[in-house]
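Structure first, commentary second.
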Amino acid sequence: MKFTLSWLKDHLDTTASVAEIGKTLTMIGLEIEEIIDPSSKLDGFVVGHVLTAEKHPDADKLRLCTVTNGTDTLQIVCGAPNARAGLKVALATPGCVVPATGDKLKKGKIRGVESQGMMCSTRELCLGEDHDGIIELPLDTPVGVPLASVLNIDPVFDISVTPNRADCLGVRGVARDLAAVGLGTLKADPLVAPFASTFASPRKVSIAEDAQGACPVFVGRTIRGVKNVESPQWLKDRLVAVGLRPISALVDITNYVTIGWARPLHVFDADKLAGDMVVRFGQGEESLEALNDKTYALTTEMVVIADQAKAQSIGGVMGGLETGCTESTTTVFLESALFEPRRIAKTARALALESDAKHRFERGVDPQSPVWGAELATRLILDLCGGEASDLVIAGGMPAGNGPISFRPSRVKQLVGIEVATEIMVGMFERLGCDVLVNGDDALTVQPPSWRGDLAEEHDLVEEVARLNGYDNLPVTPLPRLSMPKQVLSAAQKSLRLMTRTLVGRGLHETVTWSFLPRAQAVLFGGGQAELVLANPISSDLDAMRPSILPNLATAAGRNAARGFPNLGLFEVGPQFHGGEPGDQTRVIAGLRAGKTGPRHWDAKPRAVDVFDVKADVLAVLKAAGVNTDSLQIVAEAPGYYHPGRSGSLRLGKQVVAQFGDLHPAVLKALDVKGPMVGFEVFVERLPTPKAKATKARSLLQASAFQPLERDFAFVVDSAVAADAMVRAAKGADRQMITDVAVFDLYQGPNMPDGKKSLAVTVTLQPMEKTLTDAEIEEISGKVIAAIEKATGGTLRS
Amino acid sequence: MDKLDELRAELLAAVSDAPDADALDKVRVAVMGKKGRITDMMKGLGQMDPDARRTFGAALNALKDEVAAALDSRKAAFETAALNARLESERVDISLTARPETEGTLHPISQTIDEVIAIFGQMGFELAEGPDIEDDFHNFTALNFPPGHPAREMHDTFFLPEREDGSRHVLRTHTSPVQIRTMKSRKPPIRVICLGRTYRCDSDMTHTPMFHQIEGLVIDTNINMGHLKGCLKEFVEAYFEVDNVPMQFRPSFFPFTEPSAEVDIGCSRKNGELKIGEGDGWLEILGCGMVHPNVLKSCGYDPNEVQGFAFGMGLERIAMLKYGIPDLRTFFESDLRWLRHYGFGCLDVPTLTGGLTR
């Protein structure tokens, strides 16, 4: 919302400076976007008087002038064709900064003659585009006074108005708010007084029954004998200053009232209308060429203003081109109506149509304004265009605004923490336009004005007091709190942070990718269901909620490879989605390793990443989460986007808590990325919640005094036998004595029968009470061999 | 006895003449071994008369000790030489690179979350999270968004397909629904921060369709707007690690708070560098206000009995401001170079006692 200082001062009696007004607007919630004030750049510029102007001795096109600033006479070389003796000019002396260039003016020599100043053009001062010559001030302008004081400069304010303050979409509303905060006094507004009509309107208006909710009141008036002249300069200047193009007096007046009073209006050329006017809904097949030269189809959801022939205006949004006012208009039908905000918003959105009227109607126009708006516009039209006005024709009725509010002054202190005297609050409310009744010590009845639809309840008034009293004046009170902070993260939240940082410690880079991806990729990972496809995606690349994080990591790794970084590990902690209802999501830690284990090195030869890299990642994450990894079961099963022979899952009981493996080559191909890529997914919410322990004390350490010993056993087993089965069997042979079993050799090849492999384990025995005898060791070895044979069907290699 | 002197000279010469450890060992065997010369002479002592045996025996023992010492010393010298030779042969080019190790990085968003939690945790806020897919009630209605509000339109909000009952779920446009879920599931006093992914139909230089928000909510019987100012002042100064950051609270409008405010912090911009806490510029960082009575009511609270404040800000925005990250979109690009440059180490755990940032 833009307006100029002089426009504001039509409504506000104030001596405040532009800067003060700007600061105050921001601090009462009408945030300044920009102040355009050319006079702020005219420090040092004064009014000069050209005493003499001769031809420059060495240049035909230059003039050598003597100019007085009231105290000194300066010699100035000037190139302007209009430089002549007797002119009053805009004079810059050395030290002044020329606004257009930002250069500081210095004494100089031009064609060998000293020039001690500069006479400026409009463009050089950023006051306009004119650069044909220097500014010629009125001849009675006093010499030596600051230039800004004699120029007709009208600073422009641009404020952003929050959606609740429709009243401040008019200059008068802004002036009222500034007056309420004490930056001046609101002037009376004689233009809105009732107007004496001279004849009965030949044109009647009505509102179709079904449209009365959408347009509660329509006020019209015929004005005849007008001359649609060019607007006077003051009006054109204001409209240009706020970014509007002056068209003709009739049109300019409607814009002027829209911006000055937040009261949108429309003027029809009455001679182009057929009979009485009716407000009704569009009829489906109907369309209208609007004032912006575009044609719009009018649905049965849209309110139109129609004559007896057809729709002539999109109610509250834009008028029709055909019945618009032109130079030849002599009879006007003025419309000042009220429209229901939501329907205006919907209509404008459906038509993708913006207008100053729509902007105001969708936020709420003063319901009492149709009549005074019509009177105001009539007065301006008759002033500028002449003619005579009929009586008002009114359909419907102006709705009542909000009712009175019971207000307890004590609520201010309670809610915002500041003490404000009741009489000060009463003054604020009254300056805002409220009627206030004092009913007791802590009881006011406040009737808000019709234009403040946002004031409906007690807390709305508390906000007004806080706002006008100034947020800067609110106390700054630290939150009361415990003297020693307590742990605030839950066990699960704490554990998630440990898991995350564990992966960082393992060399993976955490990343954050979109929660959505292309539907085709979602399908590859078991997703893409209709209920998880966005109705309005930002692009077709981001249209489905992700069923897994892995495709995003794989394509991210692919992009990095394309940039020259093929070897890397990425992980992300975030949601994946399995249904369209709130809560149909799972928190996953997903990781991906791509390429080789490291760079080429003179000693450590990198190898391609493989499934055991991600198996280690998964186990580290689970361990960080406090899972006893011995109780995990490993199974060679994983979803289809993994390599069927190089992937697996870890289960706790029946729950799959993690899965990992090579990504399926077909999936990599479909994602258009190069392998090898290995990935993992840990399902965070399926992990047991770490339980708070009663004591932080650890169990007692039982360290044996006796040396542990190791025995190796090599077996020939079927190729299909899982190493894990062998390890578990060996561990189970003597749970007291055997503390560790590890596979240290795997052999498959020429010296093995078909379908067989050799697996060797080393078993660690840890005696606790005495050194083991050979016989005892033999006995345990026998148990290990028997257990492995039983579990695997293998035979001990001799 | 001259015989012994001769022998001494001979044996010591043999020891010192031995060219290497093997030759020296042969000398040892020849002298001290079972059939060695000194051993033989020791054996001969038994046949001597007691007086001669005493004097000769003593001299022989002395000789034996002397030769043994010479042997040991010579042997040690050979070992030292051998070790030195081995060490010389083992010399490596220590300018070669060590074996590579990969260092991972934590995303700036995660680090910022941990920093924010460290600060608000100290003020007694717990951490609450909620679903990304939300229903209309939690995302809009309970938060006092009127019907027809622009945020309810497809222009701003991501919608899922229409459900059987004709309603449509949304991707939450803010983390405020978590506040509603929190209030509906428990009784005041409440101090929570809600954070997570949020979504809006917007994608340009300064907007991404997904971003992160953090919101705070305090509900009690006596929490007023002064506490809001105090809480945010403490947060801003702790987070940016600058004392006395100028702050400006401006009246604003949000459906879910009243009074509402936007908060600016003082900053300077010189030569493209942003400095928080100095200069005469203002930078908007968050929105806040007293929780609207309609919100309290929709959660089953009586606005005459309890009240409180809420605030919300963009995590990417405060991370960008603190760490000088110029472009929002880069947060989601997974560019390894960016992750390495702006990421954090696993041991960079922010604490208030040790400082938030290294």
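For the range A:526-549, a tally of residues being buried (at least 23 other Cβ atoms within 10 Å of the Cβ), more than 13 Å from chain B (Cβ to nearest Cβ) and touching a residue at least 40 places away in the same chain (Cβ under 8 Å) returns 1. May I ask you to verify whether residue B:170 is more than 19 Å from residue B:313 (Cα to Cα), outside any loop (DSSP other than H, G, I, E, B) and within 11 Å of chain A (Cβ to nearest Cβ)? So residue B:170 passes the test. Looking only at residues of the range A:290-310 that are under 34 Å from the mean Cα position of the chain (by Cα) and not in a loop (DSSP other than H, G, I, E, B), we find that the one that is surrounded by the most Cβ atoms within 10 Å (Cβ to Cβ) is A:303. The set of residues in the range A:501-521 that are farther than 25 Å from residue B:328 by Cβ and either more than 12 Å from chain B (Cβ to nearest Cβ) or under 27 Å from the mean Cα position of the chain (by Cα) (or both) comprises A:519, A:520. As a summary of the residue check, residue B:321 satisfies the conditions (1) within 26 Å of residue A:32 (Cα to Cα); (2) surrounded by fewer than 16 Cβ atoms within 10 Å (Cβ to Cβ); (3) more than 14 Å from chain A (Cβ to nearest Cβ); (4) not β-branched (Val, Ile, Thr) except for the one numbered (2). Among the residues of the range A:439-479, the ones that are touching a residue at least 60 places away in the same chain (Cβ under 8 Å), within 12 Å of another protein chain (Cβ to nearest Cβ) and either part of a loop (DSSP other than H, G, I, E, B) or hydrophobic (A, V, I, L, M, F, W, C) (or both) come to 5 in all.
When every residue of the range A:553-561 is checked against the conditions, none turns out to be in contact with a Phe, Trp or Tyr (Cβ under 7 Å, 6 or more places away or on another chain), buried (at least 16 other Cβ atoms within 10 Å of the Cβ) and facing another protein chain (nearest Cβ under 10 Å).
Yes or no, residue by residue, for (1) under 18 Å from residue A:547 (Cα atoms); (2) modelled with pLDDT under 95; (3) not in a loop (DSSP other than H, G, I, E, B):
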| residue | (1), (2), (3) |
| --- | --- |
| A:587 | yes, no, yes |
| A:593 | no, no, yes |
| A:616 | no, no, yes |
| A:620 | no, no, yes |
| A:699 | no, yes, no |
| A:702 | no, yes, no |
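Summed over the range A:1-16, the residues that are surrounded by fewer than 16 Cβ atoms within 10 Å (Cβ to Cβ) and of a type in the set (Asp, Glu) give a count of 1.
In the range A:487-497 there is no residue that is at the interface with chain B (Cβ under 8 Å from one of its Cβ atoms) and farther than 30 Å from residue B:189 by Cα. For the range B:136-154, the count of residues that are facing another protein chain (nearest Cβ under 8 Å), in a loop (DSSP other than H, G, I, E, B) and buried (at least 20 other Cβ atoms within 10 Å of the Cβ) is zero.
Only residues that are more than 20 Å from residue A:725 (Cβ to Cβ) and buried (at least 20 other Cβ atoms within 10 Å of the Cβ) were counted across the range A:644-657, and they come to 1. Residues satisfying the criterion are present in the range B:262-273 (criterion: within 29 Å of residue A:27 (Cα to Cα) and within 9 Å of chain A (Cβ to nearest Cβ)).
Looking only at the range B:196-237, which residues are over 30 Å from the mean Cα position of the chain (by Cα) and among the hydroxyl-bearing types (Ser, Thr, Tyr)? B:203, B:221, listed by residue number. What do you reckon, is residue A:721 crowded, with 16+ Cβ neighbours inside 10 Å, in a loop (DSSP other than H, G, I, E, B) and in contact (Cβ under 8 Å) with a residue 12 or more places away in the chain? Spelling it out, residue A:721 is indeed crowded, with 16+ Cβ neighbours inside 10 Å, in a loop (DSSP other than H, G, I, E, B) and in contact (Cβ under 8 Å) with a residue 12 or more places away in the chain. Filtering B:94, B:119 for residues that are without any contact (Cβ under 8 Å) to a residue 60 or more places away in the chain and not aromatic (Phe, Trp, Tyr) leaves a single hit, B:94. Applying the condition of being of a type in the set (Asp, Glu) and modelled with pLDDT under 90 to the range A:29-53 and asking which residue is farthest from residue B:259 (Cα to Cα) yields A:43.
Here's the yes/no breakdown for (1) surrounded by fewer than 19 Cβ atoms within 10 Å (Cβ to Cβ); (2) under 42 Å from the mean Cα position of the chain (by Cα); (3) within 27 Å of residue B:105 (Cα to Cα):
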residue: A:567; (1), (2), (3): no, yes, yes
residue: A:574; (1), (2), (3): no, yes, yes
residue: A:588; (1), (2), (3): no, yes, yes
residue: A:595; (1), (2), (3): no, yes, yes
residue: A:608; (1), (2), (3): yes, no, yes
residue: A:614; (1), (2), (3): no, yes, yes
residue: A:630; (1), (2), (3): yes, no, no
residue: A:634; (1), (2), (3): yes, no, no
residue: A:638; (1), (2), (3): no, yes, no
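Note on the range A:161-217: among residues that are more than 34 Å from the chain's Cα centre (by Cα) and among the hydroxyl-bearing types (Ser, Thr, Tyr), the one that is nearest to residue A:306 (Cα to Cα) is A:206. Of all residues in the range B:277-294, at least one satisfies being at pLDDT 95 or above, among the polar types (S, T, N, Q) and out of contact with any strand residue (DSSP E or B) (no Cβ under 7 Å at 6 or more places or on another chain).
The residues of the range A:50-72 that are closer than 14 Å to residue A:116 by Cα and surrounded by 14 or more Cβ atoms within 10 Å (Cβ to Cβ), listed by number, are A:50, A:63, A:64, A:65, A:66, A:67, A:68, A:69. If you go through the range A:85-101 and pick out every residue that is under 21 Å from residue A:140 (Cα atoms) and surrounded by fewer than 16 Cβ atoms within 10 Å (Cβ to Cβ), you end up with 2.
When the strands (runs of 3 or more DSSP E) confined to the range B:190-261 are screened for residues that are on the phi < 0 side of the Ramachandran plot, facing chain A (nearest Cβ under 7 Å) and surrounded by 20 or more Cβ atoms within 10 Å (Cβ to Cβ), those reaching at least 3 such residues are found at B:247-254.
I'm trying to understand the selection: among the residues of the range B:96-111, which are within 8 Å of chain A (Cβ to nearest Cβ) and out of contact with any Ser or Thr (no Cβ under 8 Å at 6 or more places or on another chain)? Listed by number, the residues that qualify are B:96, B:97, B:99, B:100, B:101, B:102, B:103, B:104, B:105, B:109. Comparison of B:93, B:114 shows that the only residue that is more than 30 Å from residue A:362 (Cα to Cα), within 10 Å of another protein chain (Cβ to nearest Cβ) and part of a helix (DSSP H, G or I) is B:114. Of all positions in the range A:32-39, none carries a residue that is loosely packed, with under 14 Cβ neighbours inside 10 Å and more than 30 Å from residue A:187 (Cβ to Cβ). The condition of being charged (D, E, K, R), over 30 Å from residue A:509 (Cα atoms) and either in a helix (DSSP H, G or I) or at pLDDT 90 or above (or both) holds for only one of B:53, B:99, that being B:53.
The values are calculated or read from the model by the stated rules, or taken from the named source; none is laboratory data. On a predicted model such as this, the values are computed, not experimentally measured, just so you know. No Cβ is skipped: glycine too gets one built from the backbone with ideal geometry, and neighbour counts run over all protein chains shown.
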